[in-house]
Amino acid sequence: MTLDKIPSGRPARVVALEGSTRVTLRLMEMGIVPGAPIRLIKSAPLGDPIQVCVRGYHLALRVADAQEIKVTLQGE
Amino acid sequence: MSAVPITNQAASSSQPKPLLIAIAGNPNAGKTSLFNALTGLRQRVANYAGVTVESKVGAWKLSDDLPPAQLIDLPGLYSLEATSLDEQIARDVLLGRGHRMPSPDAIVVVVDSTNLVRNLYLATQLIEREWPVVIALTMFDLAERQRLVIDVGKLAAALAVPIVPVVAKHQRGTRVLAEAVLSSVVKSATAPDKLPEGNTTSQRSLIDRYRWIEEVVAESSSRGDEQSKATTSDKIDRILTHRVFGPVVLLLVLVLVFQAIFSWAALPMYIIETVFNALSETIRSNFPPGLLADLLAGGVIPGVGGVLVFLPQIFLLFLFISILEDSGYMARAVFLTDRLLRILGLQGRALMPLLSSFACAVPGIMATRTIEDPKDRLTTILIAPFMSCSARLPVYTLMIATLFADRTVLGHVSLGVVILISLYLLGIVTAVIVAWILKHTVLKASGSPFVIELPAYRLPSFGNVSHTILTRCGLFVRKAGTVILAISIVLWALAAFPRSPAGQSTSKSQAAQIRNSYAGRAGRVIEPVIAPLGFDWKIGIGLISSFAARETIISTLSIVYGVGADSAGESTTLSKTLRNARRQDGTLAWTPLVGISLMVFFVLACQCMSTLAVVRRETNSWRWPLFMVFYMLVLAYLGSLVTYQGGRLLGFS
């Protein structure tokens, strides 16, 4: 599952980042590395960008970039 | 770089030169607050050679018997692998690769204690360089409220650097920080060898670094109740970034900002104008008529007034911008509007500059500073003057009052209102097209990542807000003001030379003066060029003078037509005169079509030296302002040409 697809509010964990663009590197530097706790909060009124919570802080990123982030849901 | 005074007691014990200390850290970590707390008002803005990025330099008194150190506030960065220009500059200074900037003697890394893991990523990269590093732990009060307990001693031992908790607002910890910095500098008197350049981080080492930091943080801190309940910030976000309420609130905020710079600024601007006009009048009536009085009353005083008249708008705009930035709302506004502005090839941060340009492009262009991507920023600067600013309004109203008064369309709608709205729309549509073209040609997207942090909401601090306003106003007066003043005097000279004989200041002799001046001659020289737009040489003089500032055309026309610029009912008499004015061949000089053509010209042309001066200052070269004035002039000419010739083909006059 990718970050843009998970139900909002459900805790998840980063599994892997695909792609090796500058955006990927930037996202990793900002703490989105495999194993990091992450949560989708909501998407902007026009569906893009999305707001996520990673390691306890909030971040806005575009859907196209979120599609590169593989996550797995926690609990259940 | 200005020298900081050196006291002689220190000469024996320490370096003869003041220490150079850099503050680095993630964006939103509290760098600027700490910088302001450490330096107070002893700071100034420095531009790096050849680029638009600026940083603040201030004097920091480390101890009583040492000369104050130079403290540099660097742009925020997340890692040493820079992506934006801001970050590249911060990194180069930190690594001692900065051009014309010596490497710092010590680095204060600001670490947000509510977001330890991510903030320590940059910190550990810097620590590894074996440079003297001291960590300033900010937001400590916030961490306590979140029941986050940090064992500072344990963390410092694990990272092998001194860590000082600070609360910038209350000056808590600043003394200890100064001591820690001093002792870290003394300890490493010999600078370590620089590490080889260009060792890019592989994803593997990045992940390993995070893993290591996670372990260190887990051992030295404990969270009370992680993520179990929503913070205040989350609750505020439920409304402010809500699908429906979010845009509504944003719209209200924007209306407020727009209203403020459009109408609240009107009174102080009016006062400034009145005072300077009165000053000119006093000089004219009390000085013997001649060149000096004319230079003062016609060139210098209006020039200074023309600079200061912008201050109310700049003050208000930056008051709002700094409050919105400092509170954390600006990031939300960007979040909400990014998708919409992406259609134009721009991004969310272009919203505020473009909106404020409807009041005045000068503060609008200054506000583009918040756009990190240099190409997005430049595109925004280049299209900002298409937003119909308040200086165009008097020109539009004069034209409408003269040529379209009391006419209605579709029954009850006043034709003037329809024209006015069309002019605003023309500007917006042109801006969209030009932005699209620029983004697909000279300013092709550089693909810089759009990832922005949405920091926790907090009350804006009075200190930070007033610092921002003071800096911006000061910079405008010093950097743009001098250019505006210089051009004012040049334009005055063009209208004042060569001198006409005999100097009673009747409106007739004034008209003769301007007709025979260089500006008047130029008006006649360009007549063949502007004739296809429907303009005669009198309008030509007005056009030339309007490149100082758009509304100048009104006073120039008053002088050229001998109406007298200072009568109370100026615009009505001017309207009457214009309506009856005839050319040499007996035809009317001002037809409705001429009026429309002139207004189109005013929508599209960049007739504002203040805008040019501010673009020069913001882009640090004359290249872009010259490009701007040229391409907008071409567009204005073509727009007017098509309007006038097309109108005639369709049978209008």
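The values are calculated or read from the model by the stated rules, or taken from the named source; none is laboratory data. It should be emphasised that the depicted structure is a prediction, and the values quoted were computed from it without experimental measurement. Cβ sites come from the backbone with ideal geometry, for glycine too, and all protein chains shown count toward neighbours. These accessible areas exclude ligands, DNA and RNA; they are computed on the full protein's heavy atoms, side chains included. Shrake-Rupley method; radii C 1.70, N 1.55, O 1.52, S 1.80 Å.
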- Residues of region B:527-538 that turn out to be at pLDDT 90 or above, in contact with a helix residue (DSSP H, G or I) (Cβ under 8 Å, 6 or more places away or on another chain) and not aromatic (Phe, Trp, Tyr), as a count: 4
- With A:ILE32, A:ILE6 as the choices, which residue is surrounded by fewer than 21 Cβ atoms within 10 Å (Cβ to Cβ) and among the β-branched types (Val, Ile, Thr)? A:ILE6
- Would you check if B:ALA157 is farther than 28 Å from B:THR232 by Cα, surrounded by fewer than 19 Cβ atoms within 10 Å (Cβ to Cβ) and at pLDDT 80 or above? yes
- Query: Residues of region B:172-196 being outside any helix (DSSP H, G or I) and modelled with pLDDT of 85 or more, which ones?
  - Reply: B:ARG172, B:GLY173
- Message: Can you go through B:ARG377, B:ARG339, B:ARG369 and tell me which one is among the charged types (D, E, K, R) and farther than 17 Å from B:PHE450 by Cβ?
- Response: B:ARG369
- Just a yes or no: is a residue in region B:619-628 free of Cβ contacts under 8 Å to residues at least 40 places away in the same chain, farther than 19 Å from B:PRO532 by Cβ, more than 17 Å from the chain's Cα centre (by Cα) and open to solvent by 20 Å² or more (accessible area, probe 1.4 Å)? yes
- Message: It is to be established whether one or more residues within region B:127-135 are buried (at least 21 other Cβ atoms within 10 Å of the Cβ) and within 12 Å of chain A (Cβ to nearest Cβ).
- Response: no
- Could you identify the single residue in B:VAL477, B:VAL432, B:VAL490 that is more than 14 Å from every other protein chain (Cβ to nearest Cβ), surrounded by fewer than 19 Cβ atoms within 10 Å (Cβ to Cβ) and either among the basic types (Lys, Arg) or closer than 26 Å to B:GLY639 by Cα (or both)? B:VAL432
- Note on the structure: The correct count of residues that are open to solvent by 10 Å² or more (accessible area, probe 1.4 Å) and part of a helix (DSSP H, G or I) in region B:136-154 is 8
- Message: Take the residues in region B:256-284 that are over 26 Å from the mean Cα position of the chain (by Cα) and of a type in the set (D, E, K, R); name whichever of them is surrounded by the most Cβ atoms within 10 Å (Cβ to Cβ).
- Response: B:ARG284
- Inter-residue pairs, beta-carbon under 6 Å, first modelled with pLDDT of 80 or more and in region B:297-311, second in a helix (DSSP H, G or I) and aliphatic (A, V, I, L, M), 6+ apart: B:ALA297/B:ILE283; B:ILE301/B:LEU279; B:LEU308/B:ILE272; B:VAL309/B:MET269; B:VAL309/B:ILE272
- Message: Show me the strands (runs of 3 or more DSSP E) entirely contained within chain A in which 2 or more residues are within 11 Å of chain B (Cβ to nearest Cβ).
- Response: A:11-17, A:37-43, A:50-54, A:57-61
- Message: Condition (residue is in contact with a Ser or Thr (Cβ under 7 Å, 6 or more places away or on another chain), crowded, with 20+ Cβ neighbours inside 10 Å and of a type in the set (D, E, K, R)) applied to region B:349-364: is it met by at least one residue?
- Response: yes
- Item | Segments classed as helices (runs of 4 or more DSSP H), wholly inside region B:293-409, with at least 2 members that are away from chain A (no Cβ under 14 Å) | B:301-308, B:311-327, B:351-356, B:361-366, B:374-383, B:392-403
